[in-house]
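Q: Next up is a structure, given as structure tokens.
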Amino acid sequence: MILSDRKILEEIEKENILIEPFKPECLGSNSYDVHLAKYIATYKNRILDARKHNEIDMQIIPEDGMTLYPDMLYLGVTEEYTETHAHVPFLEGKSSVGRLGIDIHATAGKGDVGFCNTWTLEISVRQPVRIYPGMPIGQLIYFVVDGTVKNPYNKKKNAKYNQRSLKPVESMMWKNKW
């Protein structure tokens with residue numbers, strides 16, 4: 001079950017959901033619109049290695065925009081910091097963004113109960129497209145959890161993306177034991 005706008009507001013009031021900054025005009029009937037922050041990153045190396053720490057180059061998106069190109073992975077980040085303590089948050093691209101050929105995540109659209117951070121976006125484009133800081137980029141929807149959670153993300157000792165960040169965070173796959 002997906003939370004409605006009224007239920008999202010109730011959960012914010014109960015402090016089960018936090019969105020900073022919260023703007024009432026960004027609340028949809030069953031979602032909340034999030035925006036692209038000014039930071040964007042690309043990997044330094046063209047070939048990535050899942051067992052190694054792949055470093056990134058950080059850039060600031062100029063106010064007059066930046067053109068993204070196909071065949072490149074960009075790491076963006078939301079302006080909004082969120083906390084979700086009793087629901088499963090999902091981040092999806094806005095249809096207007098998708099109609100520009102922009103995908104905002106490759107596989108990581110779901111957060112866990114206890115996720116507390118900005119959202120790193122795995123951006124790819126179908127053709128060259130200009131983006132801007134502050135543009136609407138996605139929408140959060142919240143799913144009800146059936147049962148109580150034993151191990152929320154923000155309490156896990158091995159959580160790799162728990163440190164609050166205003167900038168995109170590169171893959172931490174290399175920290176996994178496998």
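Where a number appears in this text, it was derived from the coordinates with a stated rule and is not lab data. Here the structure is a predicted model, which is why all the values come from computation and not from measurement. Methodologically, a virtual Cβ is constructed for each residue, glycine included, from the backbone with ideal geometry; neighbour enumeration extends over all protein chains shown.
Q: Using the alpha carbon gyration tensor of the chain, what are the three equivalent-ellipsoid semi-axes (square root of 5 times each eigenvalue), largest first, in whole Å?
A: Value: 27, 22, 13 Å, ordered largest first.
Q: If you don't mind, there's one more thing I want to ask. At a 10 Å Cβ-Cβ cut-off, how would you order L36, L100, L121, fewest neighbours first?
A: In increasing order of surrounding Cβ atoms, one gets L100, L36, L121.
Q: Quick one: go through region 134-178 and flag any residue whose amide nitrogen is under 16 Å from the point 7 Å out along the Cα-to-Cβ line of H53.
A: 160-163, 169-177
Q: Run the helix sum for the chain: -39,500 (n - 2.57) per DSSP H stretch of 4+ residues, divided by residue count, reported at 222 nm to the nearest 500 deg cm²/dmol.
A: Calculated mean residue ellipticity at 222 nm is -1500 deg cm²/dmol.
Q: In addition: Taking 0.36 nm per residue of sequence separation and subtracting the Cα-Cα distance, how much length would be gained by fully extending the chain between R46 and Y69, in nm to one decimal?
A: 6.9 nm
Q: Moving to a separate point now. Whole angstrom only: what separates the Cα centroid of region 155-176 from the Cα centroid of region 30-77?
A: Between the Cα centre of region 155-176 and that of region 30-77, the gap is 16 Å.
Q: Reported to two decimal places, what Rg/Rh ratio describes region 5-57 when computed on Cα atoms with Rh from the Kirkwood expression?
A: A ratio of 1.25.
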